[in-house]
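The values are calculated or read from the model by the stated rules, or taken from the named source; none is laboratory data. All figures in this text were calculated on a predicted structure; none of them were measured in a lab. As a convention, Cβ positions derive from the backbone with ideal geometry for all residues, glycine included, and neighbour counts pool all protein chains shown.
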Amino acid sequence: MNKLLIILPIIGIVFLIIFWVIDPLTGPGLSVITIPFMALTLVAIMERKKGEKELAEKLKIFQAEKDEIIKDVQRKEKIHEEQYQALRSFSRDLAASLNKEQLMRVIVSTFSKLTHSPSGDSQCFLLSHDDLAHVFKYEAGDNFDSTTLKASSFSAEDDLLKTIIKSKKIRTFLSDIFGGDSNIGYFLKEERITCFSQLGSLALIPLILENEVWGIVVIFCHESAAARINNEQSFYLLLVAQASIALGSAIHRGLASIDRLTQLYNRTFLQKRMNEETEFCNRQLLPLSVLMIDIDHFKEINDTYGHQEGDMVLKKIARIISNCVRLTDLCARYGGEEFVVVLPGIAENSDDKFSIAERLRVTVENTDFIILGEKRLKVTISAGVTIRKYPEDKETGMEELIIRADRLLYKAKNDGRNCVRYDA
């Protein structure tokens, strides 16, 4: 099109010259028509070039905006991937903790790492609520010297903590170190406040159980880290939920609910919790799967290598079970070499490539068990899996589910062991 607009004026000029030479009388009259046409053509060429330039500039702007959007999406995807990995790691570390003290150390360590900034490390500690004294007591810290605290406990009636208890929300105080209303000074000895001048910001993260604040994670951090907590509150709330569930469970179950050898729940606690889980699944209209697991030829292991080595096998398989399920799943030693796993909200079946029961079986099969300090032993398990469907099985109780899973386990044993059998 550009070439045509250039060619047309040239043709017009040539045409005008020819007629002017051939017919000097007609030429001037023809020029009256041709010259305006050429002028309009030139104007059109200039306007087109101007339009093309403006379009090129707009395309350049749009491309820059597109590149910026792509970078922003990639940045957010990277953040989401990092958050996902952090949640997985946090969940795994919580599941591996054997008691309340270990759980609290995992919690403060995780929050301390996640609030690290290019400017430096944060300092983090955990306060737990004492119902009787109505105070929050120091429990654990990470990269933190507890001697900097002006007290070992803080009244729940003090304004700062009372605000957290009432709102049950994350609070941050940015660049709050030397202000007249500084909240950092609330926790610290006066002579130690200046030691935190390079941090400057404070975050208070409540841990909530049964709609009550039972703990507060206190973080001294740089302003960029505190701003990140503000901007990514949904992520930190997920961390809080995981921490609250894990530590709340540890607090409530106590030693009476734990099998001392495997550190899984015991049979008594299993019976109580299974009733609660079936009621929960009824309310939420969810299925529930029950796995009955047995160690193959376990008596031979005890008879050949002794009960101490047999106990080692039990403990290792218990750890494998804990690591292969979700934090919210229920794992228990049912008796002897039998284990029960309850999966709320999951309908396990043989066609499911993500079957937890099959993952457990394969993991145990591929694990080396060291016997007598040096001998490698291969151990396998068999499992029966039953599904409590909703609404068909909403009246089915724990006892019937255990019986059904046990029948399927017996079938797996008869089918040659080292396999999983599911409901038809």
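Listed values, structure above:
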| quantity | calculated |
| --- | --- |
| Output for region 293-349, where each listed residue is free of Cβ contacts under 8 Å to residues at least 40 places away in the same chain and among the aromatic types (Phe, Trp, Tyr) | Phe298 |
| Whichever residue in region 309-347 is charged (D, E, K, R) and at pLDDT below 90 and, among such residues, is surrounded by the fewest Cβ atoms within 10 Å (Cβ to Cβ) | Arg326 |
| From Ala241, Ala227, Ala203, residue being of a type outside the set (Asp, Glu), closer than 29 Å to Ser355 by Cβ and not assigned by TED's automatic domain parsing to the domain that holds Asn323 | Ala241 |
| Qualifying positions in region 98-127 - surrounded by 20 or more Cβ atoms within 10 Å (Cβ to Cβ) and of a type in the set (Ser, Thr, Tyr) | Thr110, Ser112, Thr115, Ser122 |
| Count - residues of region 376-393 that are farther than 20 Å from Val340 by Cα and touching a residue at least 60 places away in the same chain (Cβ under 8 Å) | 3 |
| Of all residues in region 371-408 being aliphatic (A, V, I, L, M) and at pLDDT below 90, the one that is nearest to Ser355 (Cα to Cα) | Met398 |
| All positions within region 343-359 that are part of a loop (DSSP other than H, G, I, E, B) and touching an Asp or Glu at 6+ places or on another chain (Cβ under 7 Å) | Ser355 |
| Enumerated strands (runs of 3 or more DSSP E) restricted to region 59-171, each holding at least 1 residues that are among the basic types (Lys, Arg) | 135-142 |
| Only one of Thr148, Thr172 that is closer than 15 Å to His222 by Cα, at pLDDT 85 or above and under 33 Å from the mean Cα position of the chain (by Cα) | Thr172 |
| Complete set of residues in region 408-424 that are in contact with a strand residue (DSSP E or B) (Cβ under 8 Å, 6 or more places away or on another chain) and free of Cβ contacts under 8 Å to residues at least 24 places away in the same chain | Asp415 |
| Candidates Gly384, Gly397, Gly373 - the one that is among the small types (Gly, Ala, Ser) and surrounded by 13 or more Cβ atoms within 10 Å (Cβ to Cβ) | Gly384 |
| From Ile356, Ile317, residue being β-branched (Val, Ile, Thr) and within 21 Å of the chain's Cα centre (by Cα) | Ile356 |
| Residues that are touching an Asp or Glu at 6+ places or on another chain (Cβ under 8 Å) and over 15 Å from Glu338 (Cβ atoms), drawn from region 405-419 | Asn418 |
